[in-house]
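Working notes, structure below.
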Amino acid sequence: MDSTSYTFIGTKIRLIPTKEQAILLWRSAGCSRFIYNWALDKETDNYEKGNKFINDKVLRREMTKLKKEEDFKWLCEVGSNVLKQSVKDLCLAYKKFFDKKASFPKYKSRKNNISFYVNYESMKKTQNGVQCEKLGNIKTAEPLPKLLKGEKHYLDPHISYDGKYWYIGFTRKIKIHKTELNDIAIGIDLGIKNLATCSNEKVYKNINKTKRVRKLKKKLKRLQRKVSKKYLMNKDGKKFVKTKNIIKLERKIKLINRTLTNIRVNHTHQVTTEIVKTKPSKIVMETLRVTNMLKNKHLSKAIAEQSFYRFISFIEYKCKLYGIELERVPTLYPSSKKCSHCGAIKKDLKLSDRTYHCECCGLTIDRDYNASLNLTNYKIS
């Protein structure tokens, strides 16, 4: 019997399309956005009339009729699966809202989240790129990874645009590394001052406080002010006129935001990889309610920039790859207020107190390091 373990990971590869292919990519993204917004209109109108949720099969039948109309024949220029998936995505988002799992779905904009689905059955690896439905063979910056024996397709492929380049992202099945782990547990306390403080005395800096990021944020702020002033200067009555200069400035803003995102993602990857490569038998982390944390108007921006959700998701999949146990401690566990030496709880500890001083045993220790030690010893306590 085969005892090999498997898991699924996401992969993202840059595309290098020709001018003709780039036009097709933009067209596919535009059609996908149009159908998503059209389906959202249908669902909203139906709900306002007091009717129940429209099934995605019903919406897809209506979409087929729409494609046959003279004014909407341009929808036939892209793959049918691109449009079908847009309807499915909207129905899933709408259902999640009624199940109280997500907020009400928003209309897709031309500016943000430019992406569309690719039919997984027609997507094939080629010698120098990838073959996609109605897009042809698109060259890639690096070869697509090989599939495991028995696997025929890449799963859930999507093409996206990040403001500069096109990418294809998909999920694939991989083998879990058989790694000899150390008999230690690591507690990780996430914070704003530092991204992560570990119980093995390792502290990982907040990348947003570095000179490079602060310089980019300052430049971004300056450009945003410039755009606002230009919009006011070119105001035509109640309408805001978008000039060529405004379009240029907005493109610069997009590219700076892209650079900042890449810096933050890269830093999170480096930190999580370093933690996992210490090969602990267990990693212990607190279950954070990030949505509630963002309600703090003084810290919401700093919390959003740290992106705790990204850090947790990276740790989760990397733990699966190395066979490390990941334990999540309940939100109400007082990891910061509890003394890691005697177990006494300091109820009057403020957020501004960066050093923990225990009045019972006299222990004086860094607040975040104390929390990481408490997380490590969670099951013992």
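Regarding the range 187-199, can at least one residue be identified that is in the same structural domain as Arg14 (by TED's automatic domain parsing), surrounded by 13 or more Cβ atoms within 10 Å (Cβ to Cβ) and out of contact with any Leu (no Cβ under 8 Å at 6 or more places or on another chain)? The answer is no, given that none of the residues of the range 187-199 is in the same structural domain as Arg14 (by TED's automatic domain parsing), surrounded by 13 or more Cβ atoms within 10 Å (Cβ to Cβ) and out of contact with any Leu (no Cβ under 8 Å at 6 or more places or on another chain). When Asp56, Asp89 are checked against the criterion of being at pLDDT below 90, outside the structural domain of Arg258 (by TED's automatic domain parsing), crowded, with 17+ Cβ neighbours inside 10 Å and not aliphatic (A, V, I, L, M), a single residue qualifies: Asp56.
Entry remark, the range 30-53: residues being among the small types (Gly, Ala, Ser) and touching a helix residue (DSSP H, G or I) at 6+ places or on another chain (Cβ under 9 Å) number 2 in total.
Only one of the numbered conditions (1) touching a strand residue (DSSP E or B) at 6+ places or on another chain (Cβ under 7 Å); (2) not assigned by TED's automatic domain parsing to the domain that holds Ile188 is not met by Asp348, and that is (1). If the condition is being in a loop (DSSP other than H, G, I, E, B) and of a type outside the set (A, V, I, L, M, F, W, C), then the range 26-59 contributes Lys49, Gly50, Asn51, Lys52, Asn55.
Looking only at residues of the range 347-372 that are surrounded by 15 or more Cβ atoms within 10 Å (Cβ to Cβ) and touching an Asp or Glu at 6+ places or on another chain (Cβ under 9 Å), we find that the one that is farthest from Glu201 (Cα to Cα) is Tyr356. Restricting the range 294-318 to residues that are in contact (Cβ under 8 Å) with a residue 12 or more places away in the chain and touching a Leu at 6+ places or on another chain (Cβ under 8 Å) leaves a set whose member that is farthest from Thr273 (Cα to Cα) is Ile303. Among the residues making up the range 65-96, a single one is among the hydroxyl-bearing types (Ser, Thr, Tyr) and either farther than 22 Å from Ile54 by Cα or touching a strand residue (DSSP E or B) at 6+ places or on another chain (Cβ under 8 Å) (or both): Ser86.
Against the criterion of being over 30 Å from Asn374 (Cβ atoms) and either in contact with an Asp or Glu (Cβ under 6 Å, 6 or more places away or on another chain) or without any contact (Cβ under 8 Å) to a residue 24 or more places away in the chain (or both), Lys173 qualifies. Mind telling me which of the residues Ile13, Ile23 ends up being closer than 30 Å to Ser313 by Cβ and not charged (D, E, K, R)? Going through Ile13, Ile23 in turn, just one is closer than 30 Å to Ser313 by Cβ and not charged (D, E, K, R): Ile13.
The listed residues are Ile168, Ile159, Ile114, Ile176, and the only one of them that is of a type in the set (A, V, I, L, M, F, W, C), touching a Phe, Trp or Tyr at 6+ places or on another chain (Cβ under 8 Å), surrounded by 13 or more Cβ atoms within 10 Å (Cβ to Cβ) and modelled with pLDDT of 95 or more turns out to be Ile159.
The values are calculated or read from the model by the stated rules, or taken from the named source; none is laboratory data. These numbers were taken from a predicted model, which means no experiment stands behind them. Every residue, glycine as well, gets a Cβ built from its backbone with ideal geometry; the counts of neighbours run over all protein chains shown.
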